[in-house]
Amino acid sequence: MRARRMTPHRTAGSTDRPSPTTRPSPIARSSRTIRSAAVLLCLGLAAAPASLSHAAAGDARPSTRVASAAGPGGPAQSWTADLSRVDADDAGVRHTDGALRLVGGGPAAVSAGTEGHHGTQVLAPRELDRPADRVRARPAADVPDGARIAVDVRGRTGNGPWTEWREAGAGEAAAVLPRPVTTVQVRLMLWDTTGRLRVRGLELSADTAPESESRQQDTGAAAAPYSARVFATREGLVGHTTANGHVIQPNDHFVALPSRRGLSPRGSSEYSVRVCGPARCETAPVWDVGPWNIRDDYWNPSSIRESFKDLPRGKPEAQAAYQDGYNGGLDGFGRRVLNPAGIDLADGTFYNVGLNNNGWVTVTYLWTGDQTGTVFPTWGTDVRVRERPTTDSPVVDTLPGPTQVRVRCQVRGQRITYDGHTNDAWAHLPDHGGYISNIFIDVPESWLPGVPTC
């Protein structure tokens, strides 16, 4: 997420000293606008919903329609998206002559190895007047054959965690979020092989879904984030651009999952996983889509799983195809599945968790669960999470780069000194199984505001 860069406090030592090249870079945290790169492809084994582009094709003027239907929470709240603001967090698009259009060389789901490049624009968050859990999208666009667009929506309340992304279908089909939210954010995706796709406007409205519709979106969230044991493969592909616009670097640290519902915007860690391999655990952001499929959120309950709903929770479609002959042994694109992979690991993550060959790992999907506690940004590289608040305690996880962590409570532990500053405050991270020194929590205070004592 894009944050207001702030100077990190320097009143505490680290659980382990970071690399000298990774001084706390000001992490920006803006309550006004978050704009970052992300994507959503519309393919999979199950037929994809009709594209929004077809509903808008041929409309020569930006839509001025607003929703008039009233849901249980009252009339819909409607607004017009600003498509003219394209910045460094967007990818593969530009806005000229009153329309958004593709430019060459955008992101791609390189882990899945399926479609070509596309463009994506993540719009500024929209604060709602009252909570809502259903969003409709009405684009105005010229969409020739060989092109399509899609709209994805997520939400949150206050500064809490974002929901997963949900697609808004064609016409009146809405994106229904798993819970009422007070802020919504939209990302717009474009695919075009003709060079003639133009998106001139986007009308949005939010209201409250009927109780029966909302119940179908129940995530079945438990107190702890969901974990599964899945087969991991090494992504490699240095120099390629991932689904969220990140250019893969040597020794990179990120993962790919086969659904855009949990894809982090470029440069952010809003959706991260904890990967535990033979040697150690690492927490890494989700920056790509794959392997094999792109609509297989297997970490969700079957009732809300996007595709392959007849499979048990935690079992990727590729694993079922490889081991059990599911779907004739094919993935969602009709390709013969050659391994049971449910996650792809960038090189740095792959080797850090102790893999030398593809193998089984335990993955925790950190945005699932009840998400109690307070979320804070961290800074530094190779930050080590300790079992207890002391540097001689075993390492239970590593944070290879800045990320978002959920802090349940804080304690006074070992007093340590780093870079001339001393502190004894440590934060307990329930999703990571241990503690880090508060110096790596990127807020000005050494004792975290609003966080209770353990």
**Prompt:** With no solvent and one point per C-alpha, what does the Debye sum give as log10 I(q)/I(0) for the stretch 252-384 at q = 0.23 Å⁻¹?
**Reply:** -1.49
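Over the stretch 327-412, with every protein chain in place, what whole percent of the accessible area is carbon and sulfur at 1.4 Å, could you tell me? Before the final figure, lay out each step's value.
Values: 1500 of 3150 Å².
Carbon plus sulfur share of accessible area: 48 percent.
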**Asked** What share of Cα pairs, in percent, lie more than 17 angstrom apart in the stretch 151-282?
**Response** 70
**Message:** How would the stretch 397-448 be classified by its alpha-carbon gyration tensor: rounded, prolate or oblate, with rounded meaning a/c under 1.5 and the a/b versus b/c comparison settling the rest?
**Reply:** prolate
**Asked** Given a cut-off of under 8 Å on Cα pairs at least six residues apart, what relative contact order in percent is computed for the stretch 89-186?
**Response** 27
**Item:** Computed over the stretch 112-211, the ratio Rg/Rh where both radii use C-alpha atoms and Rh is Kirkwood
**Value:** 1.01
**Item:** Heavy-atom accessible area per residue - the stretch 222-344, 1.4 Å, Å²
**Value:** 32
**Item:** Cα Rg, Dmax (largest Cα-Cα span) when computed across the stretch 320-376, Å
**Value:** 15.8, 45
**Request:** Select from the stretch 358-446 those trypsin sites (Lys or Arg not before Pro) which occupy a DSSP coil region and have at most 16 other Cβ atoms within 10 Å, ordered by residue number.
**Result:** ARG408
**Asked** Which FRET efficiency value, to the nearest 0.05, do you get for SER78 and TYR351 by plugging their Cβ-Cβ distance into 1/(1 + (r/R0)^6) with R0 = 51 Å?
**Response** 0.55
**Message:** Defining a contact as two alpha carbons under 8 Å apart and six or more residues distant in sequence, what relative contact order in percent does the stretch 228-302 show?
**Reply:** 32
**Message:** If each residue of separation counts as 0.36 nm, what is the full-extension length gain between ALA173 and ASP129 once their alpha-carbon separation is subtracted?
**Reply:** 13.6 nm
**Prompt:** Between ASP370 and THR194, what is the spin-label point distance in nm, taking each point 7 Å from the Cα along the Cα→C-beta axis?
**Reply:** 5.2
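The values are calculated or read from the model by the stated rules, or taken from the named source; none is laboratory data. Just so you know, these numbers come straight off a predicted model, no measurement behind them. In this analysis, Cβ positions are derived from the backbone assuming ideal geometry, glycine residues included, and neighbour counts consider all displayed protein chains. The protein model used for the area step is the full one, side chains on, heavy atoms only, and it has no ligands, DNA or RNA in it. Shrake-Rupley method; radii C 1.70, N 1.55, O 1.52, S 1.80 Å.
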